[in-house]
Every structure is written in C-alpha cells, then in structure tokens.
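**Q** Pasting a structure here, questions to come.
The values are calculated or read from the model by the stated rules, or taken from the named source; none is laboratory data. Bear in mind that the values here come from a model prediction, so they are computed numbers and not experimental data. Glycine gets a Cβ as well: all are built from the backbone with ideal geometry, and neighbour counts include every protein chain shown. Calculation scope for accessible area: heavy atoms of the full protein, side chains included, ligands and nucleic acids excluded. Shrake-Rupley method; radii C 1.70, N 1.55, O 1.52, S 1.80 Å.
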Amino acid sequence: MSAKVWLVGAGPGDPELLTLKAVKALAQAEIVMIDDLVNPAVLEHCPTARVVPVGKRGGCRSTPQAFIHRLMLRYARQGKCVVRLKGGDPCIFGRGSEEADWLSEHGIEVELVNGITAGLAGATQCGIPLTLRGVARGVTLVTAHTQDDSTLNWPALAQSGTTLVVYMGVAKLADIRDGLLAGGMRADMPVAMIENASLPQQRDCRSSLAAMQHDALSFRLKSPAILVIGEVAAEPQALQLAISA
Ligand code: SAH
C-alpha cells in the first residue's frame, strides 16, 4: 500500500450504521486511530490492526491535535495503511477537513469516508423528521461550543424557519435558551434532547425551549447528546398519543 490515510466516519454509535466503505477501509487497516465517541464494537472489522486511542473529550485529558497530525504522518510515512476513525461524520464538527488538508500538504494521500452524523441519526431514531414537509424548510447544524467563545447569531437562527440541531450543547443549555429567546423564538418551541443516539442506552427527553434546562437537569441529561429545536421536535405526534393513551 502506498502511504495513505483514510479519514473514516464511524457513525453515531450503532455498529450497524457503519457504511460498507468504512468496513472495507477497516478491513485493510494496519493502524486505526480512534476517538472517544467511536463505539469499540466497530473494531471487530479490523481484528489485526493496531488500535491507537487518541480521544479528547471536552474537559478530559486530551491528545493535542498537533500530536494526532504527527502520529498519522509518521505511520503513513512508514507505509502503513492508516484509518483515522471518528464518531459520526468526519467533517461534521470532526476536524476531518483540517486533518485531510494537513496530510495533503505533507504529501500524504487522503480518502474521506462519510459517516452518519449523530444529529441526523438521533432525530430519525426518535421518529423526528427534521425537514417535515410544510413544517420545517430545512435543518441547521450548529455547535454550542466554540474555541474562541464567539457567540452564535441567535436572531438569525431563531428566525430561520429551519430545525436546529445543536451539537455539544449539554453544558450550554442556558446560553442556548437565552440566545434563542432573545432572538425571538417562542418560549414553547418544542425541543428534543437525545442522549446516546442509536445506542441501546439511547434516551429521549422532550421539552420546550423555556423549560429545557430545567427538564435536562431532572432527566440527568449527559453528553453525548444532541438537541433538536423546532416544531418537528413535537413529532411523532401519533406515537406519543398512542403511548400516553
Ligand atoms: N463528528 C461527530 C460530531 C462530533 S462533536 C458527528 O458527526 O456526529 C461531538 C458531539 O456530537 C457531542 O457533544 C454530541 O453533541 C454529538 N454526538 C456524538 N455522538 C452522539 C450520540 N451517539 N448521541 C448524541 N449525540 C452525539
């Protein structure tokens, strides 16, 4: 194999949501560098590869990005087939493109492999149609966490008419609520908070914009979770009626 790094999305957690292309890349990998959010169950597809954990969850001990870059480069220059495995999709809040650019600049061939991103997976697993016809004209993926502490354009988001899917929002619920309320979103806008999407321990807490922080506390919502904010978070109506009947 010539020096090549595969930047592969491992999907949201359920190992059956891996793509066939991800499975093929894993099968030929000699080195697999994985993030914390990757379900170790997917490693059954690379039984002989050396697995190198390089996770860095917010607030925990972290592997600096520069170190990850250098490590990928070192293995690739040794002629190893390297798979860099990331939760969800490598390019959705995943630094996949930064890593791809850096490797390309250093003469390493890179192939990006899609994964199902957690926000889309979580919504669908909970029966929430993010772009329900006649209700939501689109979907906006946002992160509540920024490196430079810059704020989001809350009025634009509040008035976009799209469903908002918020990543990395668990610790920022009050800021998100205050920003969207100040931006003009109605207080009773439905919200779904989906923890461990697609895994057996998935939990789904339904609330409203005004109540979401309070409800998340009583629910003991923990990361990883995504928030779905918008009319569609009241779906599936029929199912909920059936459950409460
Ligand atoms: N590249 C990843 C996102 C990484 S950012 C993707 O495409 O999914 C990390 C954030 O993703 C977490 O803070 C959380 O908001 C979300 N996330 C990842 N896996 C999740 C899961 N199984 N359930 C809910 N949210 C998840």
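**Q** Quick one: how many residues across the stretch 177-203 are within 12 Å of the ligand (Cβ to nearest atom) and touching a strand residue (DSSP E or B) at 6+ places or on another chain (Cβ under 9 Å)?
**A** First, pick out the residues of the stretch 177-203 that are within 12 Å of the ligand (Cβ to nearest atom): 192-203.
With the extra rule that they be touching a strand residue (DSSP E or B) at 6+ places or on another chain (Cβ under 9 Å), the set shrinks to 192-198, 201-203.
Total satisfying the criteria: 10.
**Q** How many residues are open to solvent by less than 60 Å² (accessible area, probe 1.4 Å) and closer than 21 Å to Leu85 by Cβ when one looks only at the stretch 103-127? Give the steps one after another, and end with the answer.
**A** In the first step, residues of the stretch 103-127 are kept if they are open to solvent by less than 60 Å² (accessible area, probe 1.4 Å); the result is 103, 108, 110-111, 113, 115, 117-119, 121-123, 126-127.
Adding the requirement that they be closer than 21 Å to Leu85 by Cβ leaves 103, 108, 110-111, 113, 115, 117-119, 121-122.
Counting residues in the stretch 103-127 that are open to solvent by less than 60 Å² (accessible area, probe 1.4 Å) and closer than 21 Å to Leu85 by Cβ gives 11.
**Q** If I filter the stretch 109-123 down to residues being hydrophobic (A, V, I, L, M, F, W, C) and part of a helix (DSSP H, G or I), which single residue comes out as farthest from the ligand (Cβ to nearest atom)? I'd like the intermediate steps shown before the answer.
**A** At the first step, the residues of the stretch 109-123 found to be hydrophobic (A, V, I, L, M, F, W, C) are 110, 112-113, 116, 118, 120-121, 123.
Now drop any that are not part of a helix (DSSP H, G or I), which leaves 118, 120-121, 123.
Working: Ala118: 3, Leu120: 8, Ala121: 7, Ala123: 10 Å.
Filtering the stretch 109-123 for residues that are hydrophobic (A, V, I, L, M, F, W, C) and part of a helix (DSSP H, G or I), the one farthest from the ligand (Cβ to nearest atom) comes out as Ala123.
**Q** Exactly one condition in (1) in contact (Cβ under 8 Å) with a residue 40 or more places away in the chain; (2) in a loop (DSSP other than H, G, I, E, B); (3) surrounded by fewer than 19 Cβ atoms within 10 Å (Cβ to Cβ) is not met by Leu130; state its number.
**A** (3)
**Q** I would also like to ask the following. Sort through Ala49, Ala27 and tell me the only one that's at pLDDT 95 or above and open to solvent by 20 Å² or more (accessible area, probe 1.4 Å). Explain how you work it out, then say what you get.
**A** Working: Ala49 fails: open to solvent by 20 Å² or more (accessible area, probe 1.4 Å).
Of the residues listed, the single one that is at pLDDT 95 or above and open to solvent by 20 Å² or more (accessible area, probe 1.4 Å) is Ala27.
**Q** State all residues of the stretch 139-160 that are more than 12 Å from Ile229 (Cα to Cα), more than 16 Å from the ligand (Cβ to nearest atom) and either within 18 Å of the chain's Cα centre (by Cα) or not in a loop (DSSP other than H, G, I, E, B) (or both); if no residue qualifies, say none.
**A** Trp154, Pro155, Ala156 - these are the residues of the stretch 139-160 that are more than 12 Å from Ile229 (Cα to Cα), more than 16 Å from the ligand (Cβ to nearest atom) and either within 18 Å of the chain's Cα centre (by Cα) or not in a loop (DSSP other than H, G, I, E, B) (or both).
**Q** Restricting attention to the stretch 229-245, and to residues there that are surrounded by 10 or more Cβ atoms within 10 Å (Cβ to Cβ) and modelled with pLDDT of 60 or more, which single residue is nearest to Val165 (Cα to Cα)?
**A** The initial filter retains those residues of the stretch 229-245 that are surrounded by 10 or more Cβ atoms within 10 Å (Cβ to Cβ), namely 229-236, 239-240.
Now narrow it down to the ones that are modelled with pLDDT of 60 or more: 229-236.
Details: Ile229: 6, Gly230: 9, Glu231: 12, Val232: 11, Ala233: 10, Ala234: 14, Glu235: 15, Pro236: 17 Å.
Filtering the stretch 229-245 for residues that are surrounded by 10 or more Cβ atoms within 10 Å (Cβ to Cβ) and modelled with pLDDT of 60 or more, the one nearest to Val165 (Cα to Cα) comes out as Ile229.
**Q** Across the stretch 138-153, what is the total count of residues that are at pLDDT below 95 and open to solvent by 30 Å² or more (accessible area, probe 1.4 Å)?
**A** The total comes to 9.
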